[in-house]
Amino acid sequence: MEQIADYQIIISKRAEHRLDNIINYLENEWNERVKLDFINKFEKIILFLSINPFMFPIFIEENKIRKCFITKHNAIYYSINNNIVKIIAIYDTRQNPKSLNLL
């Protein structure tokens, strides 16, 4: 039985740009299998968010920004407003957290 999505997913330009960069990097520096594995993990997270975005913890309480991991090195930061999940950023967890700037 297939689950029906209850939440619409919107990806910010910033997150979309970062996603493109990650995919290009994996394609150029690794191989097709690694790239496809990342894409599959990302799509699975998007499916989870469209069904139940509350399953991942709040990262910034004041703005109700939540965080979930795609891989151990890449996290998605998102917010929920009514039935819309907005992906604010996709972030490499190995970078300096001060450069994240989610607010």
The lone exception for N40 - which of (1) of a type outside the set (D, E); (2) within 21 Å of N21 (Cβ to Cβ); (3) surrounded by 12 or more Cβ atoms within 10 Å (Cβ to Cβ) it fails: (3)
Failed item, numbered, when I11 is tested on (1) modelled with pLDDT under 95; (2) out of contact with any Leu (no Cβ under 7 Å at 6 or more places or on another chain): (1)
Counted residues, the range 9-51 - those being under 18 Å from C68 (Cβ atoms), hydrophobic (A, V, I, L, M, F, W, C) and not in a helix (DSSP H, G or I): 3
Considering residues of the range 52-83 that are free of Cβ contacts under 8 Å to residues at least 24 places away in the same chain, part of a strand (DSSP E or B) and polar (S, T, N, Q) only, the residue nearest to E16 (Cα to Cα): S79
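The values are calculated or read from the model by the stated rules, or taken from the named source; none is laboratory data. For clarity, every value in this text was computed on a predicted model and none was experimentally measured. Because the Cβ atoms are built from the backbone with ideal geometry, glycine has one as well, and the counts that use them run over all protein chains shown.
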